[in-house]
Amino acid sequence: MDRLNGSARLMIVSDLDCTMVDHDDPGNLSLLRFNALWEAYYRHDSLLVFSTGRSLTSYKRLRRRKPLLTPDIVITSVGTEIAYGESMVTDNFWKECLEHKWDRDMVTEETAKFPELIPQSETAQRPRKVSFFVEPDKAVAVMEVLSERLEKRGLNVKLIYSSGTALDVLPEGAGKGQALAYLLEKFKADGKIPINVLVCGDSGNDADLFTIPEAYGVMVSNAKEELLQWHEENLKDNPNIIHATERCGAGIIEAIGKFSLGPSLSPRDITDIWKSERENLNPGHEVVNFYLFYERWRRAEVEKSEQYIQNLKSVCHPSAAFVHPSGIERHMHQCIDIMSTFHGDKQGKQYYIWVDRISSAPIGSDTWLLKFDKWEICGEERRCCLATLLVSSMVHMVTHAADMAGLLHSRRPNNRDFLVFSP
Ligand code: GLC
Ligand code: MG
């Protein structure tokens, strides 16, 4: 909650499965496009929140399989659990808030009376979430009777049907929307109400998110019928909610553009990244661009031009060195020669690089200390290194690296000096 000193410029609250993550896109391209956009333009002053039906364990499993960025806040188990920051500190107060008129044992007792309800796996069951599978043609009738019975027993619950298969029984005060409303209240109390909020979803358990009055909303193009129908019945005339024409991450980018919430052209969508003119030095953007170039170089999607290599060399500080985590140093020119031999070694392969958690701290009027995680994926193989980098818009800097693979120092076309570590 405290990463930003002031209000977030944009707070994105997104569902994961079939919203941020496209399970039909083996290369995860729309997610990688979103990642590049976020790290280049938003990470430094905005908040990324994931809100998923998954439990924390299952969320962590997804993170190991998909190139997901590190969110600032993660809301799991359909708004019943909230965790903050990289170390995922649990909000225990939120859990207590959900105890009102909730008795898990009574819920399991009553639900056991319905043979139509097939319990989900043990990991999906949480203290304040009891989940089942139920066929779509039986769902409405079961939900009606079940909610009457639970009410008679003095409970106040919420039943949510998602993706034409999953039924969640939650405390009435839970749900993705309520969890978001709770967070917004907390921000308000701290005087840090986000300037803009964008909620993103695709299925029944996301409907709640769209009820937050001050939020923009996007139902991705692949949204399920149940969500579209709910929207049609409840919020049809709200101009701040759109049904995107693009799937998943691309639909989120589309909404950022549509509502003018900030830059919406992902660096991944720019073919010649070195040619694009930028007015002010944005260190995060430079890092994103460098790795995009490097990725394309290795996939042979940029031409193997001696010009690129010569440019890199000519802008190199005379004493610039490659610092390996083991402490071994190499002259930068040598490193660039090595890099040039990598051209096309990943051609035709699912080879991608993304950066996560870019943070930059000014340490002078024109110098920044950057830290970020650089991820590299090639097919099933995934690697990460933590990089530290000094960027200066004026003078060459001495650099120090921890647990990283290399250093490249180049001058930007606008005569700004730029240092970046690379493998
Ligand atoms: C996720 C959860 C599941 C839940 C469903 C709908 O798939 O794993 O338990 O029922 O979302 O909310
Ligand atoms: Mg979903």
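Among DSSP beta bridges lying fully in the stretch 1-151, give the percent that are antiparallel, nearest 5.
55
I'd like to know which of 340, 57, 92 lies farthest towards the positive end of the charge dipole of the chain, counting +1 on Cβ of Lys and Arg and -1 on Cβ of Asp and Glu.
Final value for the positive-end residue is 340.
So which residue, out of 134, 74, 199, gets the largest mean-square fluctuation from a GNM of the chain using Cα contacts under 10 Å as springs?
The residue that fluctuates most here is 134.
Just read off the accessible area of residue 335 with the full protein assembly in place, 1.4 Å probe, to the nearest 10 Å².
That residue has around 20 Å² of solvent-accessible surface.
Quick one: compute the contact order of the chain, relative version, from alpha carbon pairs under 8 angstrom and 6+ residues apart, as a percent.
Over the chain, the number comes to 15 percent.
List the GluC sites (Glu not before Pro) in the stretch 134-224 that DSSP assigns to loop (not H, G, I, E or B) and whose Cβ has at most 12 other Cβ atoms within 10 Å. Which are they?
Passing sites in the stretch 134-224 are 214.
Can you give me the Cα centroid spacing of the stretch 228-267 and the stretch 133-180 in angstrom?
Between the Cα centre of the stretch 228-267 and that of the stretch 133-180, the gap is 27 Å.
Keeping all protein chains in place, calculate the accessible area per residue for the stretch 105-163 (probe 1.4 angstrom), answer in Å².
With the other protein chains kept in place, the stretch 105-163 gives 56 Å² per residue.
I need to check one value: relative contact order of the stretch 244-315, counting alpha carbon pairs closer than 8 Å and at least 6 residues apart, in percent.
Relative contact order here is 15 percent.
Give the shape of the chain as rounded, prolate or oblate, defined through the alpha-carbon gyration tensor: a ≥ b ≥ c are the square roots of its eigenvalues, a/c under 1.5 means rounded, and otherwise the shape is prolate if a/b is larger than b/c and oblate if not.
Prolate shape, in that a/c is at least 1.5 and a/b is the bigger ratio.
Give a quick list of trypsin sites (Lys or Arg not before Pro) in the stretch 173-252 that DSSP marks as loop, anything other than H, G, I, E or B, with at most 14 other Cβ atoms within 10 Å.
236
By accessible area of protein heavy atoms, probe 1.4 Å, what ranking do 143, 219 get, highest first?
The residues order as 143, 219, largest area first.
In square angstrom, what is the accessible area per residue of the stretch 201-319 with a 1.4 angstrom probe?
Value for the stretch 201-319: 45 Å² per residue.
Please give, to one decimal in nm, the separation of the simple spin-label points placed at residue 70 and residue 240, each 7 Å out from Cα toward the Cβ.
Placing both labels 7 Å along Cα→Cβ, they lie 3.1 nm apart.
Quick one: pull the percent of accessible area on the stretch 6-155 belonging to carbon and sulfur, 1.4 Å probe, ligands and nucleic acids left out.
About 53 percent, which is the carbon plus sulfur part of the accessible surface.
Can you give the angle from 0 to 90° between the axis of helix 136-152 and the longest principal axis of the chain, with both taken from C-alpha atoms, to the nearest 10?
With rounding to tens, the tilt is 60 degrees.
Of the heavy-atom accessible surface of the stretch 187-307 (probe 1.4 angstrom), what whole percent is carbon and sulfur?
46
Give 60/349; 60/258; 101/176 a once-over and call out the pairs whose C-alpha atoms are over 29 Å from each other.
60/258
Considering only DSSP beta bridges with both partners in the chain, what is the antiparallel share in %, to the nearest 5?
Roughly 70 percent of the beta bridges in the chain run antiparallel, per DSSP.
At 222 nm, what value in deg cm²/dmol follows for the chain if DSSP H runs of at least 4 each add -39500 (n - 2.57) and the sum is divided by all its residues, to the nearest 500?
Value at 222 nm, helices only, nearest 500: -8500 deg cm²/dmol.
Highest GNM mean-square fluctuation, the chain, Cα pairs closer than 10 Å: which of 249, 204, 85?
Of 249, 204, 85, the most mobile in the Gaussian network model is 85.
The values are calculated or read from the model by the stated rules, or taken from the named source; none is laboratory data. All of these numbers come straight from a predicted model, not from anything done at the bench. Every residue, glycine as well, gets a Cβ built from its backbone with ideal geometry; the counts of neighbours run over all protein chains shown. Just so you know, the surface numbers come from the protein's heavy atoms only, side chains and all, with ligands and any DNA or RNA stripped out. Shrake-Rupley method; radii C 1.70, N 1.55, O 1.52, S 1.80 Å.
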